[in-house]
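Quick notes on the structure that follows.
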Ligand code: SIN
Ligand code: CO
């Protein structure tokens with residue numbers, strides 16, 4: 001693993017506390033040499049290769065040279081990109097951290113933000129003058145320059161009512177009056193809170209790494225939770241009214257009926273444990289349908305124990321999101337890609353260790369190895385493709 005900068009270098013001399021207090025979700029920050037000497041671990045050719053893959057989300061934006069201005073195409077692409085125009089286009093590939101270990105390692109530097117808030121690392125390549133136009137994102141993003149130079153222009157204040165140019169494939173702001181104008185070189189990084197208008201134009205052959213965060217909308221939260229809660233309810237339970245009395249106005253929904261309906265709804269959302277376990281599963285579940293890769297043959301618990309005793313380390317699987325919740329009872333729940341694993345109080349301290357990876361040292365786990373519950377859970381996680389033994393070198 002390469003040496004990653006300490007948070008105060010990454011944050012341009014600011015402490016984590018100062019960054020969180022003054023910038024996070026509040027205002028943009030340009031950090032020169034956030035990762036000194038950084039050079040893109042992915043080449044443009046490798047990025048193009050990734051965009052050919054079936055499971056990988058890739059987009060191609062052709063400002064010029066397409067069938068019409070700002071044409072947007074979705075991968076997987078068959079082109080070898082050699083016949084592309086010389087300028088004014090860009091390719092963007094999501095979740096590169098899942099496929100390229102050196103890109104995944106970059107996330108280690110962003111541990112000052114809870115890991116469940118992190119979405120992925122998107123990598124873009126653009127030749128001269130390529131970009132995706134002036135736009136806003138709904139999420140926080142760190143834009144790390146990986147190769148070449150990109151001119152970033154931004155508006156300092158968040159856009160409230162975004163007006164988008166009509167009839168284009170891509171969302172481009174109708175009004176863009178930048179207050180700042182910078183050219184970023186490899187290793188420089190720009191932090192943008194949500195809804196800050198920005199426009200990045202490649203100055204030469206350019207690669208940008210977007211460390212993107214996720215923040216579910218209230219509407220997503222409610223619709224997902226209510227769907228989950230409704231699955232837990234006995235389907236035979238129905239509205240009933242054995243106490244019905246004659247009402248002179250049959251068209252009226254009477255107050256006692258409304259009380260009963262409100263009670264059904266409130267009952268469904270009053271269980272905190274249900275909300276907590278739904279949230280852990282919901283927020284760790286891959287948004288892009290993570291294809292889990294379980295081992296070819298399921299491993300047995302005693303084999304796993306033997307390997308741990310031999311000193312083999314485990315790793316978390318790149319791209320899988322892990323989080324835990326410690327309950328007041330002392331039990332913990334570990335969530336990984338939507339799965340919910342119970343770690344009863346005596347082994348609850350294993351949950352943060354497994355979540356903290358990427359490398360999980362067997363020494364940190366040694367105090368749990370006598371617990372059959374722990375070994376069973378570990379076995380389940382390994383066989384679901386959520387944890388793996390590190391490749392022997
Ligand atoms: C890019 O890498 O070109 C786009 C990143 C962004 O603006 O969010
Ligand atoms: Co953006």
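Here are some notes:
- Flag for residue 119 being within 16 Å of ligand 2 (Cβ to nearest atom), surrounded by fewer than 18 Cβ atoms within 10 Å (Cβ to Cβ) and under 24 Å from the mean Cα position of the chain (by Cα): no
- Under the condition of being over 12 Å from the mean Cα position of the chain (by Cα) and within 16 Å of ligand 2 (Cβ to nearest atom), the residues counted in the range 84-116 number 4.
- Conditions (1) part of a loop (DSSP other than H, G, I, E, B); (2) away from ligand 1 (no atom under 11 Å from the Cβ): number failed by residue 120: (1)
- Hits in the range 199-234 - residues which are modelled with pLDDT under 95 and within 19 Å of the chain's Cα centre (by Cα): 214, 215
- Check on residue 204, away from ligand 2 (no atom under 16 Å from the Cβ), more than 26 Å from residue 111 (Cα to Cα) and assigned to a loop (DSSP other than H, G, I, E, B): yes
- For the range 128-153, a residue qualifies if it is more than 10 Å from ligand 1 (Cβ to nearest atom) and out of contact with any helix residue (DSSP H, G or I) (no Cβ under 9 Å at 6 or more places or on another chain), and the qualifying residues are 128, 129, 138, 148, 149, 151, 153.
- Failed item, numbered, when residue 174 is tested on (1) in contact (Cβ under 8 Å) with a residue 40 or more places away in the chain; (2) away from ligand 1 (no atom under 12 Å from the Cβ): (1)
- Flag for residue 187 being in contact with a strand residue (DSSP E or B) (Cβ under 6 Å, 6 or more places away or on another chain) and modelled with pLDDT of 95 or more: no
- When 47, 10, 14, 4 are screened for being under 22 Å from residue 185 (Cα atoms) and over 21 Å from the mean Cα position of the chain (by Cα), only 14 passes.
- Helices (runs of 4 or more DSSP H) (entirely within the range 276-393) containing at least 2 residues that are touching a strand residue (DSSP E or B) at 6+ places or on another chain (Cβ under 7 Å) and either in the same structural domain as residue 101 (by TED's automatic domain parsing) or surrounded by fewer than 20 Cβ atoms within 10 Å (Cβ to Cβ) (or both): 350-356
- Each residue in the range 3-54 was checked for being within 18 Å of residue 144 (Cα to Cα) and in a loop (DSSP other than H, G, I, E, B), and 25 pass.
- Strands (runs of 3 or more DSSP E) contained in the range 55-96 and holding at least 2 residues at pLDDT below 95, in contact with a helix residue (DSSP H, G or I) (Cβ under 6 Å, 6 or more places away or on another chain) and surrounded by fewer than 18 Cβ atoms within 10 Å (Cβ to Cβ): none
- Residue in the range 213-229 that is under 22 Å from residue 115 (Cβ atoms), within 16 Å of ligand 1 (Cβ to nearest atom) and assigned to a loop (DSSP other than H, G, I, E, B) present: yes
- Qualifying residue in the range 177-193 (condition: surrounded by 15 or more Cβ atoms within 10 Å (Cβ to Cβ), closer than 22 Å to residue 62 by Cα, touching a residue at least 24 places away in the same chain (Cβ under 8 Å) and over 21 Å from the mean Cα position of the chain (by Cα)): no
The values are calculated or read from the model by the stated rules, or taken from the named source; none is laboratory data. What you see is a predicted model, and the numbers here were worked out from it, not measured in a lab. Virtual Cβ from ideal backbone geometry, glycine too; neighbours counted across all protein chains shown.
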